[in-house]
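One structure is given here, and the rest of the page talks about it.
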Amino acid sequence: MTTTAHAPLALAPLAIAGGQPVRAKPLPAAYLGTSVMGDEELALLTEVVRNKLPFREYGDGTPHMVKDFEREAAGYFGVAHALATATGSGSFYCAMAGLGVGPGDEVIIPAWGWHTDFLAPVLLGATPVFADIDGGFNLDPADFERKITPRTKAVVMIHYQGAAGDLARVLEIAKKHNLKVVEDVAQAAGGSYRGQKLGSWGDVACFSFQQNKILSTGDGGLFLAKDPLIFERAVRFHDLGFLRPSLAAQIGGQPLTQAFAGAQFRMNEFTGAVALAQLRKLDRAIVHPVQRLYQQLKRDVLADCPGIALRPTGDEEGNAGIAFYMDMGTADLAAWFNKALAAEGIRVGPSSGCTNLLHTDLVKSKRQAHPKLAPFGPGCPGEHVHYGPELCPNVDRVASRLTCVALCPAMSADDVRDVTAAIAKVWNQRPAEHRK
Ligand SMILES: Cc1ncc(COP(=O)(O)O)c(C=O)c1O
């Protein structure tokens with residue numbers, strides 16, 4: 001099919017009304033890093049098995065996968081210090097510990113997020129405070145500024161599904177109020193903003209390598225820090241208070257602080273091997289191909305669907321392109337569009353579990369995980385913080401009217417032409433009441 005070949009389909013009867021679907025064969029599964037696993041991962045994993053060196057720090061030989069991954073990740077993202085972790089969530093707990101967040105502190109997080117963004121401050125004894133989102137699911141800078149109190153210590157900015165929002169404004173506000181910025185890059189590894197990698201803008205950055213992520217090891221994570229003391233605290237928190245040689249080397253070999261109680265979020269060499277192989281092909285095999293598909297889809301949908309609006313982001317050039325979002329304008333049209341598009345054989349929905357956290361049971365109950373514990377934040381009883389969905393009214397509004405098709409490296413240009421054809425067919429036959 002050529003880009004114009006789908007034009008006649010625009011008038012074909014909709015599949016939702018009994019017509020032929022555009023797509024009979026399902027699109028490839030929307031996995032990202034996982035879908036490009038192959039010889040590179042196998043070679044490094046085989047080395048770990050052959051050498052019998054699964055632990056990052058020692059063994060009968062010299063383990064190097066996790067260490068190499070940290071060194072190459074620091075280079076790729078352009079940040080001084082990198083710590084690999086067992087999970088993405090682990091990197092967030094390390095971030096809180098590294099920044100010295102604790103009882104009495106507030107951390108501002110976007111209400112459209114993943115449970116970890118909320119749980120990381122809670123588990124460190126601090127109080128999460130929710131801020132609203134912009135029209136593209138990213139943190140709304142104005143509401144972030146409104147939510148700042150004398151207790152605020154840090155802000156978490158999630159780069160939702162491949163793209164940052166108004167990062168420049170968030171950084172400016174954080175600087176003005178002397179707040180630390182945590183970039184949540186779990187869903188945007190390899191994306192950039194104004195030509196610089198996401199993860200290199202804030203004080204610290206956290207990544208997830210879980211199955212659905214751009215770089216995937218099944219489970220795994222990465223923490224980046226510019227400041228050596230913040231880094232050392234995170235390292236100690238990730239390893240029972242220890243600062244072992246391979247990580248001490250990143251800060252010149254000498255400790256800057258003392259041991260304190262930590263958890264255990266170390267990455268093992270198997271995970272390190274896969275992370276290293278994936279990082280080495282992140283741009284070539286994942287981000288660049290998906291960005292090309294995204295640009296193709298964007299260009300053709302805008303040409304073929306007069307009046308359609310897309311998700312606003314802070315920098316479309318840097319968008320990793322893993323999700324093609326359209327703003328239907330109303331919840332009613334979005335609900336109809338999703339059904340009609342799915343009937344055309346197109347999988348609808350992002351590769352993200354982000355949700356309105358204000359609707360989750362844990363947030364509504366205002367309790368920590370253990371029922372005997374006090375409301376969030378032992379240092380601040382939590383009574384002064386109110387959690388209701390009315391605090392962030394944009395979240396439900398945006399979630400109800402934005403709809404998306406996930407993109408992945410396993411898709412071909414022809415697959416994406418089918419996606420365009422289906423979107424154009426459905427959009428151009430939307431019910432009259434949804435046409436302005
Ligand atoms: C935005 C966001 N933050 C944090 C995480 C936590 O990562 P993990 O599942 O690796 O613990 C995820 C994972 O889904 C996420 O999507």
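Just so you know, all these numbers are worked out from the coordinates, no wet-lab data involved. Computed from a prediction, not measured in an experiment: that's the story for all the values here. Every residue, glycine among them, receives a Cβ derived from its backbone with ideal geometry; neighbour counts consider all protein chains shown.
The lysines whose alpha-carbon is closer than 20 Å to the alpha-carbon of Lys147, local same-chain residues fewer than 8 away aside, are Lys175, Lys176, Lys180, Lys364, Lys366. Averaging the sequence gap over all C-alpha pairs within less than 8 Å and six or more residues apart, then dividing by the number of residues, gives the stretch 239-316 a relative contact order of 24 percent. For Lys52, the lysines whose Cα comes closer than 27 Å to its Cα, not counting residues fewer than 8 places off in the same chain, are Lys67, Lys281.
Positive end of the dipole of the stretch 39-281 (Cβ unit charges, origin at the Cα centre): among Phe55, Phe260, Ala126, the Cα lying farthest that way belongs to Phe260.
Cross-link partners for Lys425 among the lysines, with Cα-Cα distance under 21 Å and sequence neighbours closer than 8 places in the same chain left out: Lys25, Lys298, Lys339, Lys436. Remark: spin-label model distance Thr257-His115 equals 2.8 nm, labels positioned 7 Å along the Cα→Cβ axis.
Summing charges over all other residues whose Cβ lies under 10 Å from the Cβ of Arg146, with Lys and Arg as +1 and Asp and Glu as -1, gives -3. The simple Förster model, with R0 at 35 Å and r as the Cβ-Cβ distance, assigns Glu72 and Asp414 a FRET efficiency of 0.55. Give the relative contact order (percent, whole number) for the stretch 204-273; include only Cα pairs under 8 Å separated by 6+ residues. Taking the mean separation of contacting Cα pairs over the length of the stretch 204-273, I get 26 percent. As a rough footprinting exposure proxy, the listed residues His64, His359, His159 were ranked by other beta carbons within 10 Å of their own, and the order from fewest upward is His359, His64, His159.
Report the calculated FRET efficiency for Ile16 and Arg280 (r = Cβ-Cβ distance, R0 = 45 Å), to the nearest 0.05. It comes out at approximately 0.55.
So, counting K/R as plus one and D/E as minus one, what does the shell of residues with Cβ under 10 Å around Pro28 add up to?
Once positives and negatives cancel, what remains is +1.
How far, in nm, would the chain grow between Leu362 and Lys339 when pulled straight, counting 0.36 nm per residue and subtracting the alpha carbon separation? Let's see the in-between values first.
Working: separation 23, 0.36 × 23 = 8.28 nm, distance 3.10 nm.
My answer for the length gained is 5.2 nm.
How big is the charge dipole of the chain about its Cα centre, in debye rounded to the nearest 20, if each Lys and Arg gets +1 on its Cβ and each Asp and Glu gets -1 on its Cβ? All intermediate terms of the calculation are to be shown ahead of the outcome.
Values: 43 positive and 44 negative charges, 45 e Å.
Dipole about the Cα centre, nearest 20: 220 debye.
I need Tyr31, Tyr58, Tyr93 ordered by Cβ neighbour count within 10 Å, fewest first.
Numbers: Tyr31 18, Tyr58 12, Tyr93 27.
Lowest count first: Tyr58, Tyr31, Tyr93.
Extension gain, Arg292 to Thr62, is 78.8 nm, computed as 0.36 nm per intervening residue step minus the present C-alpha separation. Each residue of the stretch 251-262 was assigned a 3J(HN,Hα) from its phi angle through the Karplus expression (A = 6.51, B = -1.76, C = 1.60, θ = phi - 60°), giving 10, x, x, 10, x, 9, 8, 9, 5, 8, 5, x Hz with x at Gly and Pro. Taking every C-alpha pair closer than 8 Å and separated by at least 6 residues, the mean separation divided by the residue count of the chain gives a relative contact order of 25 percent. Between the Cα long axis of helix 65-77 and the first principal axis of the chain there is an angle of about 60°, rounded to the nearest 10. Computed across the stretch 39-281, the Kirkwood radius stands at 17.8 Å (inverse of mean 1/r, all Cα pairs).
If R0 is 22 Å, the Cβ-Cβ spacing of Gln196 and Glu172 corresponds to a FRET efficiency of close to 0.90. Once the Cα-Cα distance is subtracted from the 0.36 nm per residue extended length, the Arg146 to Leu302 segment shows a gain of 52.6 nm.
Output the antiparallel fraction of DSSP beta bridges having both residues in the chain, as a percent to the nearest 5.
Values: 25 of 43 bridges.
Given both bridge residues lie in the chain, the antiparallel proportion sits at roughly 60 percent.
Placing +1 on the Cβ of every Lys and Arg and -1 on the Cβ of every Asp and Glu, with no other charges, gives the stretch 89-232 a dipole of roughly 220 debye about its Cα centre.
Exposure proxy for Val287, Val398, Val348, Val182: other Cβ atoms within 10 Å of each Cβ, ordered fewest to most, give Val348, Val398, Val287, Val182.
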